[in-house]
Amino acid sequence: MSVVVVWGQDYRKEVNQDETKVPAYVLPNLLVDNNGQAVATKKQWKKKRRQEVMALFKEYVYGYLPDAKVDASYKILEQSDKALDGKATRKQIEITWMGNGTSRKALLLMYLPNAKKKSPVFVNFNFLGNATLSADPDVIPSQYSRQGIAYQKRRWPLHKIIDAGYGVATLHYYDIYFDEKGNVERSILPLLGINSEADMKPNSGRAIAVWAWGYSRVLDYLLTDKQVDGKRVVCMGHSRLGKTALWAGAQDDRFAIVISNNSGCGGAALSRRAYGETVNIINHTFPWWFCDNFKQYNKNEAKIPVDQHELLALAAPRPLYVASAVEDQWADPKGEFLSASLVEGVYHLFGYKGLKTDKMPSINQPIGDRVAYHIRSGVHDVTDYDWENYIRFANRWLYKK
Ligand code: GTR
């Protein structure tokens with residue numbers, strides 16, 4: 001069991017990891033709109049219901065960001081087609097965003113397979129800095145990185161990804177929002193006109209909304225890069241960045257596939273199950289992640305106007321993959337699975353199949369169709385097994401005739 005001690009309070013006492021103690025709950029119905037009308041066609045979904053659900057997530061969960069104009073410039077700091085034993089082109093691009101009289105910089109690292117003229121790309125931010133992905137000595141360290149070269153290499157099987165014909169585009173998520181309490185000032189929010197905490201409203205987006213903004217801005221760059229197949233860009237993230245990838249993918253349908261790896265509470269897991277990490281715990285531990293309105297649902301999940309299966313449904317009709325790990329009970333694997341199974345009805349509106357079952361599969365047995373799911377053995381992490389399944393899924397859907 002994970003132990004979280006915050007402000008002198010020991011959250012172990014309130015963590016339930018006993019399935020028999022999951023409270024009875026009623027989920028909002030995805031296919032009934034705010035006026036109680038059934039949603040029976042893809043047109044009704046796209047024109048009305050989807051927008052309602054999106055607005056509820058903005059107002060009560062992730063928050064709004066100002067729709068401000070931000071200019072971007074891209075400077076290639078380094079490029080070589082000799083990376084990864086000559087199989088890949090490495091590009092390191094300094095992105096400068098300008099708005100509201102100020103600017104911010106982020107350092108994008110890409111590896112693209114030399115075997116392809118234009119490659120599909122996984123956008124997946126990293127936790128500890130660009131240099132931590134591999135032993136590649138030519139990677140420029142990210143500005144806020146505290147860890148050394150290759151430190152988190154196990155999460156990035158770069159040879160496997162490149163050999164499969166995919167590229168990766170990544171940056172250290174601290175470049176977009178420094179993941180500690182406060183830090184509005186040094187995030188990208190000032191570019192959008194939010195200069196400090198005093199400018200934040202109860203429905204203002206915080207770190208997750210801001211990282212999701214970053215995913216879309218990286219996609220903006222990728223669409224200018226001739227070596228990238230802009231119609232085949234995958235939005236992927238692990239854990240807090242899995243929550244982020246789901247929110248980015250929901251808002252930006254230029255992403256062709258959405259992948260959630262162990263995203264848990266506030267990601268794929270149903271909040272109303274209150275299993276493992278709860279809304280109360282996450283809002284106390286990470287008060288800078290969600291909008292302040294979300295905090296009114298601490299220990300009050302039944303009242304949240306949405307639940308997380310509705311976030312997954314915002315990916316429809318695009319291919320969606322949700323993955324759990326059996327020793328990651330903190331993220332509530334069953335809640336992640338149920339959530340993925342519950343979007344079936346929305347995918348049906350578009351003529352696609354979802355998981356086709358409400359029974360959780362065995363460990364290491366991926367299931368599904370346009371929506372896929374696996375629970376693998378092991379802990380909270382991103383493993384080769386996860387990547388192999390994402391690549392197989394991307395091959396299936398990105399190159400479907
Ligand atoms: C945990 C947090 C989870 C998840 C995880 C991570 O501490 O409780 O919601 O986001 O961090 O991002 O690794």
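Derivation of every value follows stated rules applied to the coordinates shown; laboratory data play no part. Every value quoted in this text rests on a predicted model; they were computed, and no experiment measured them. When we count neighbours, we look across all protein chains shown, and the Cβ atoms used for this are built from the backbone with ideal geometry, even at glycine.
Values as computed for the structure displayed
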{"item": "Structure-based [θ]222 nm, the chain - -39500 (n - 2.57) summed over DSSP H runs of at least 4, per residue, nearest 500", "result": "-6000 deg cm²/dmol"}
{"item": "Those aspartates and glutamates that a straight Cα-Cα span of less than 13 Å connects to Lys91, excepting residues fewer than 8 apart in one chain", "result": "Glu78, Asp81, Asp136, Asp138, Asp225"}
{"item": "Label zone at Lys13 (point 7 Å along Cα-to-Cβ), backbone N below 20 Å, segment 277-315", "result": "277-286, 298-301"}
{"item": "Of the GluC sites (Glu not before Pro) in segment 293-401, those whose Cβ has at most 14 other Cβ within 10 Å and which sit in DSSP loop", "result": "Glu327"}
{"item": "q = 0.16 Å⁻¹: log10 I(q)/I(0) that the Debye formula gives for segment 58-213, counting C-alpha atoms only", "result": "-0.91"}
{"item": "Quarter of the Cα convex hull surface for the chain, i.e. its orientation-mean projected area (nm²)", "result": "18.9"}
{"item": "Peptides ranked, highest mean first, by Cβ atoms within 10 Å: ranges 120-129, 69-78", "result": "120-129, 69-78"}
{"item": "Fully extended contour minus Cα-Cα distance, from Lys153 to Lys75, at 0.36 nm per residue", "result": "25.5 nm"}
{"item": "Sites Thr102 and Lys181 - FRET efficiency at Förster radius 25 Å, r taken between beta-carbons, to 0.05", "result": "0.70"}
{"item": "Radius 14 Å from Cβ of Leu270, net charge of other residues (Lys, Arg +1; Asp, Glu -1)", "result": "-4"}
{"item": "Zone of Asp253's modelled label, taken as backbone nitrogen in segment 22-45 under 12 Å from a point 7 Å along Cα→Cβ", "result": "42-45"}
{"item": "Relative contact order, percent, segment 338-401 [alpha-carbon distance under 8 Å, six or more residues apart]", "result": "22"}
{"item": "Restraint check, Lys42/Lys75; Lys46/Lys160; Lys75/Lys400; Lys48/Lys303; Lys231/Lys359; Lys299/Lys334, Cα-Cα greater than 31 Å", "result": "Lys42/Lys75; Lys46/Lys160; Lys75/Lys400; Lys231/Lys359"}
{"item": "Distance (nanometres) between label positions extended 7 Å along Cα→Cβ at Lys117 and Lys160", "result": "3.0"}
{"item": "Ranked packing of 245-254, 182-191, most packed first, by mean Cβ within 10 Å", "result": "245-254, 182-191"}
{"item": "For Asp381, Asp85, order by how many other beta-carbon atoms lie within 10 Å, fewest first", "result": "Asp85, Asp381"}
{"item": "Relative contact order, percent, segment 127-271 [alpha-carbon distance under 8 Å, six or more residues apart]", "result": "14"}
{"item": "Average Cα contact separation per residue, the chain, under 8 Å, 6 or more apart, as relative contact order %", "result": "16"}
